[in-house]
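Visitor: Quick one: this structure, given as structure tokens, is what I'll be asking you about.
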Amino acid sequence: MAFFQRAAMLQVGTMKYSMEAGFYFEFEVPFYDSDQLTTATFTVNNLNESSRRGIKKNQPVILNAGYKDDMGVLFVGQVSGCSHKHSGVEWQTKIQATTALDQWLNIRVNKTYGKNSRAEDIVRDLLNIFGLEVGIFQLVQNVTYPRGRVCSGKLKDILTEIVVQECRSRLLIRAGQVIINNPADGVAKGYLLTPECGLLMYSDDLDSTETASSVTFGATKEDKSAEEKTWKRKCLLNYRLGPGDQIQVRSGDLNGRFQIVSGKHKGSPTGNWITEIEFKTAGGKT
């Protein structure tokens, strides 16, 4: 893509910075198919003094990026850190932002649910406290608790226990939405990656034993072994690609259906404008 086709809008608090309007900023947004929170980093050049002073912890941060006629959400979160560096006549501001910072780290609950309560009803109630939009809600196992269930502690720990460990389901936060579904299923399906539609030069294949995937909870040795083989590829920046998505890859060395386990979006006005993905065979099968 030619540089002039790149488009991005960064919102921090009430302030909006448009790349098309001449604001220079860079971004790096990692993502994972797990309950691990995403921390994005942004570098913005030459903000005036009032704008620099106006950046505060916990302010909302939204990044939309793509191309002139096709932008989408890459990140929704809150400021978790900020620093400013002065060099000559220029200022450089570095911002860290984390998905669902307050909700995930600080909310605590102390609730007791009665006999024969179902996991679905409990999780829906807890998600109301969480306060984030629910994108997908499909528990693999809708566990029933004959003696009821006590939920006391950090909301993130309780949701992880019920959704991931007890109901064997995926739990992730993606672009400001909570996703709960079968780890073997994609969050979205049907994306095709070929050299003709954005697939770039590839890095070496690797065997990874540290893939962060919620399906590893309670998985068999065979399932875990199948997960270990992953591949890494780069493509032109694509806001549609994210954790858990199922993709079709067609290239000279690799063809098939795969599932994204991690990656990152990287962009600047004149440098990187790419999406890096790590993926495994879809369904955990070789």
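Visitor: Of the residues Lys285, Lys224, which single one is open to solvent by 50 Å² or more (accessible area, probe 1.4 Å) and at pLDDT 50 or above?
Guide: On inspection, the qualifying residue turns out to be Lys224.
Visitor: If you take the residues of region 83-107 that are among the polar types (S, T, N, Q) and either assigned to a strand (DSSP E or B) or at pLDDT 90 or above (or both), which of them is farthest from Lys156 (Cα to Cα)?
Guide: So the residue we want is Ser87.
Visitor: Kindly list, by first and then second residue, each pair from a residue in region 220-235 that is more than 29 Å from Trp273 (Cα to Cα) to a residue that is of a type in the set (A, V, I, L, M, F, W, C) and modelled with pLDDT under 95, limited to pairs with Cβ atoms under 8 Å and residues at least 6 apart or on different chains.
Guide: Asp223/Val215
To keep it simple, each residue is scored yes or no on (1) loosely packed, with under 13 Cβ neighbours inside 10 Å; (2) among the charged types (D, E, K, R).
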position	(1), (2)
Leu132	no, no
Tyr145	no, no
Arg168	no, yes
Ile179	no, no
Asp185	no, yes
Cys197	yes, no
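Visitor: For region 136-193, give me each residue that is in contact with a Ser or Thr (Cβ under 7 Å, 6 or more places away or on another chain) and farther than 22 Å from Lys115 by Cα.
Guide: Arg170, Leu171, Leu172, Ile173, Ile180, Asn181, Asn182, Pro183
Visitor: Another one. Restricted to region 108-142, and to residues that are assigned to a helix (DSSP H, G or I) and not aliphatic (A, V, I, L, M), which residue is farthest from Val178 (Cα to Cα)?
Guide: It comes out as Asp121.
Visitor: Provide a single number: the residues in region 49-69 that are open to solvent by less than 50 Å² (accessible area, probe 1.4 Å) and out of contact with any Gly (no Cβ under 8 Å at 6 or more places or on another chain).
Guide: Result for region 49-69: 4.
Visitor: Follow-up question, since we're still on this one. Which of the following residues is at pLDDT below 90, among the β-branched types (Val, Ile, Thr), surrounded by 18 or more Cβ atoms within 10 Å (Cβ to Cβ) and under 22 Å from Glu28 (Cα atoms): Thr275, Thr211? Give the derivation first.
Guide: Working: Thr275 fails: at pLDDT below 90.
Answer to the selection: Thr211.
The values are calculated or read from the model by the stated rules, or taken from the named source; none is laboratory data. This one's a predicted model, so the numbers in the text were calculated from it and none came from an experiment. Note: ideal-geometry Cβ built from the backbone for every residue, glycine included; neighbour counts use all protein chains shown. All accessible areas refer to the heavy atoms of the entire protein, side chains included, with ligands and DNA or RNA removed. Shrake-Rupley method; radii C 1.70, N 1.55, O 1.52, S 1.80 Å.
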